[in-house]
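What follows is a short report on a single structure.
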Amino acid sequence: MNNILQAIDVHKAYAAHVALNGVSLDIPERSIFGLLGPNGAGKTSLIRIITQITGADAGEIRFRGEKLNPSHIAHIGYLPEERGLYKKMRVGEQLLYLARLKGLSKADATDRIKKWIDRLDLRPWVSKNVEDLSKGMQQKVQFIATVLHEPALIILDEPFSGFDPINANLIKDEILELRERGATIIFSTHRMESVEELCDNIALINRSHKVLDGPVGKIKDTFKTNTYEVEGKGRLMVIHPDFEVLEHKERENGHFYDRIRLHHNTTPNDLLRYLIGNVEIHAFREQIPSINDIFIRRVQETMPETLETANTLL
Amino acid sequence: MEKIWLIIQREYLTRVRKKSFIVVSLLAPLLLAGATLGIAKLNMPSSADEVAVYDGSGLNVLARLAGTDELRFVPAVGASPAAATAAFKKAKPKQAALLVFPAGFSLDTNDGVQLLADGNVSLNRQSNIRKAVNKAVSELKLTRSGLNRQTIDNLRADVELSAVDLSQLGGRKNNVAATTGTAYLLSIMVYMFIFIYGVQVMRGVAEEKSNRIMEVMMSSVKPFQLMMGKILGIAAVVLTQFAIWMMLSYTITTVVAPLLMSTPKADVKTSVAAATTSSDASVAASAPDAPMSKAPQPGGPVNLWSMFEGLPIGSIIGGFLFFFLGGYLLYSSMFAAIGAAVDDQTDAQQFMFPVTIPLILSYIVSINVIINGDPNGPLAFWLSMIPFTSPIAMVMRLPFGVPLWQLLLSGVLLVVGFIFTTWLAGRIYRVGVLMYGKKVNYRELSRWMFYKG
């Protein structure tokens, strides 16, 4: 798979602190990429380098193999965490203005604005000033402004913060649709659970370092702990050389909940066979680590000294 | 470049379409013209230009009192000071004051002359009356000493000064009032417009920052493009406003004003009456014996623009536009930097102060130079060379005539000046626009200037 964007050993320092310390990323074409990490990890700095708002101190960004240059601005759409529009400008004019700044011709822009306006039910609002719109409407307008020039790379910083659930779902669908049509999307967020199910690939950033990256499925596999959750009824007394009970909860009417880790070379079926012989099983499932858990484990392993700050920020 | 053009368009159109712009553009010249006409009307000799004279001295001073256009002496009604006072009170709206020479007044003592009026008589009028009385009394004294009328008239020196500016080709005559007035008006306009529109630039930037649209914009355009687009867009707004004002005031003063100002009275004389001749040669030829300020046009319409004849109009308009734009670019870029540096407009105050000091200083000094000083003196010269003060100081000097080399030098310095401030402001702007929640101080600002990237 081709990479739409590559970051190679990017460094960025501000007067008081280092924002990015040798971060390298590969973002495959036509994928949804999660850029995850606590606040202040360096995500926004990286995004601002990609969007050419600032430059990197060292390292290189490549867009489709070319060194990043101003001609790429037209191929990137950016929805910043801090949303904002010109309040005293009409919706239609505002979209036209922002689209033309991205290099679209007036005719093209007008055409596409019409389509998006209809798609997101904004028709009655086109000639209203932005300040007369509800917050949700404004966010729709902002989303349109981000994707109007049909960028190959769409960067959404904290995409669902501030969207109400209905709009969030609407936007989620639009994002998936955009990927279908060939766009690559970067999600940047500190709320990892909000994008977990959408992302194909992720990179975890903590304290200006990349701590982990790769396809989500693969990462989850790697961080699986061979732990299973069991719910059932009966008296479960597991002292077995092949399993270890991590957690045991007694519930009313003889119900229980256990977390059991399998030892090496033991399969879930072995555990099941054992359980069937001893208790009545109501539920049996593998415990899949969340990205959040993985992040914390990874930080624990690689930079334990920063764990506390990472935890409080998450 | 195309992006700057788009930004200029947006900044221009959003402002020009505002109701406030239309209202100000249309109303300001009307108000200004109204006020000017009102003042001119008030300045026109009122019916109360008569001073009643009660002469109890028997010297017949009244016959010797020479009136002027603003002052006429008429005999008081009544045989005693008291009767004259009573009559004056009745005639009051028509008569401005009552001048009383008491019975005991003599040429030896000169005592006891009184000026009675309801309320105060203006200093100017008092002084005119005093002059007339002094003149009359000295004539009486001269007559008493044996000189005849003819001799007295021959002895009288009545010199009118007519200032001629030799630097102008053909020796144009100076209309001091028009020159000073124009100088004053030009400096006030440059001062006000730099201030008003500079602050508009600052507000615009601060608005973009607090609207949080800055980051979206920054992902499409360079900070410098956005800053320059805004500055130039607003400059275009100012120029549009100027154009509207010029056209409106010209229309008002040439078409409407004559209708209002022309009165049937033959003795109308306004302060703006000017030479009726327009060609330089004829003006020069008639210069020595035709005092410019005394060219009454009895009964005829008053052309307000004719007083500007003799001023270097071309260089005034050209110079005004150039120095206004230069000054505006210089100051508005600094205002833009302030807008970018602060989160909150109330924080802007502390940074605005040092920026506006040279502006205010040059304004005050220029006004003083116009009133008391020498528009070509060293103070005026140096202020009109320093880019921070030259926009105001130089336009102040324009109507008085400025040597070409000084204009060029000052112009070049101003261009260098605004390129420098724009560059500096651009560096602060670029860092400031994306900096939120940080209290900025001067040390911080100076650090931004040297940020890389």
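Read-outs throughout are calculated quantities, based only on the coordinates presented, and are distinct from any laboratory measurement. Keep in mind that what you see is a predicted model, and the values were worked out from it rather than measured. Every residue, glycine as well, gets a Cβ built from its backbone with ideal geometry; the counts of neighbours run over all protein chains shown.
List of remarks:
- Summed side-chain charge close to A:Asp108 - residues other than A:Asp108 whose Cβ falls under 12 Å, Lys, Arg +1, Asp, Glu -1: +4
- Protection-proxy order for peptides B:206-216, A:263-273, each taking the mean of Cβ atoms within 10 Å per residue, highest first: B:206-216, A:263-273
- In this simple spin-label model, placing a label point 7 Å from the Cα along the Cα-to-Cβ direction at both A:Ile281 and B:Arg149 gives a separation of 14.2 nm.
- Residue-by-residue Karplus 3J(HN,Hα) for segment B:333-350, coefficients 6.51, -1.76, 1.60, Hz, glycine and proline x: 5, 5, 5, 4, 5, 5, x, 6, 7, 9, 8, 10, 5, 5, 6, 5, 3, 5
- Whole-Hz couplings from phi, Karplus 6.51/-1.76/1.60, listed for segment B:320-328; x for Gly and Pro: 4, 4, 5, 6, 5, 4, x, x, 5
- Proximity of backbone amide H atoms, modeled 1.01 Å from N, is registered between A:Gly77 and A:Leu153, A:Ile154, A:Ile155 at under 5 Å, excluding neighbours fewer than 5 places apart on the same chain.
- For segment A:225-286, size of Cβ-based charge dipole, Lys and Arg +1, Asp and Glu -1, in debye: 60
- B:Asn134/B:Met435 FRET efficiency (R0 56 Å; Cβ-Cβ; nearest 0.05): 0.15
- Anisotropy class of segment B:48-157 from Cα gyration tensor, a/c 1.5 cut: prolate
- Distance from segment A:98-128 to segment A:284-301 (C-alpha centre basis), Å: 43
- Averaged over A:95-105, number of beta-carbon atoms from partner chains that fall within 10 Å: 4
- Taking every DSSP beta bridge that has both ends in segment B:48-157, the antiparallel portion is near 25%.
- Residue-averaged [θ]222 nm for the protein assembly as shown, counting only DSSP H segments that reach four residues, each worth -39500 (n - 2.57): -15500 deg cm²/dmol
- Under a model in which nothing but the beta-carbon of Lys, Arg (+1) and Asp, Glu (-1) is charged, segment A:3-213 shows a dipole of about 720 debye around its Cα centre.
- Estimated FRET transfer efficiency (B:Arg447, B:Gln406; beta-carbon r; R0 51 Å; 0.05): 0.85
- Given their separation in residues at 0.36 nm each and the Cα-Cα distance between them, A:Thr110 and A:Asp221 gain 35.3 nm when the chain is fully extended.
- Residues whose placed amide H lies under 5 Å from that of A:Val18, excluding near-sequence neighbours: none
- Cα centroids of segment A:250-270 and segment B:47-66: 127 Å apart.
- DSSP beta bridges confined to chain A are antiparallel in about 70 percent of cases.
- Amide H contacts of A:Asn206: A:Val211, each under 5 Å away and 5 or more positions distant or on a separate chain (H built 1.01 Å from N in the peptide plane; Pro and chain starts excluded).
- Cut-off 17 Å, label 7 Å out along Cα→Cβ of A:Glu177, residues of segment A:111-129 by amide N: A:111-124
- Averaged over the residues of peptide A:76-89, the number of Cβ atoms from other protein chains lying within 10 Å of each residue's Cβ is 5.
- Förster-model FRET efficiency, 56 Å R0, B:Leu13 and A:Gln300, C-beta, rounded to 0.05: 0.50
- Across segment A:64-81, computed HN-Hα scalar couplings (Karplus, 6.51 cos²θ - 1.76 cosθ + 1.60, θ = phi - 60°) run 6, x, 9, 4, 4, 9, x, 5, 7, 4, 5, 9, 10, x, 10, 10, x, 4 Hz from first to last residue, x flagging Gly and Pro.
- Helix axis angle, A:135-147 relative to chain A longest principal axis, alpha carbon, degrees: 80
- Among B:11-24, A:95-108, the peptide with the highest mean count of other Cβ atoms within 10 Å heads the list, and the full ranking is A:95-108, B:11-24.
- Over all other residues within a Cβ to Cβ distance under 15 Å of B:Ala97, the charged ones net out to +3, with Lys and Arg as +1 and Asp and Glu as -1.
- DSSP bridge analysis restricted to the protein assembly as shown gives an antiparallel fraction near 65%, rounded to the nearest 5.
- Cα centroid separation, segment A:180-199 to segment B:195-259 (Å): 42
- Signed unit charges on C-beta, dipole axis of the protein assembly as shown, positive-most listed residue B:Leu379, A:Ala107, B:Ile129: B:Ile129
- Per-residue mean of foreign Cβ neighbours for A:141-149 is 1 (Cβ atoms of other chains, 10 Å radius).
- Members of B:Lys19/B:Lys209; A:Lys87/B:Lys18; A:Lys43/A:Lys210; A:Lys87/A:Lys128 lying beyond 18 Å, as alpha-carbon distances in this model show: B:Lys19/B:Lys209
- 13 Å reach of a label modelled at B:Met189, 7 Å along Cα-to-Cβ, counting backbone N of segment B:388-417: B:395-396, B:398-399
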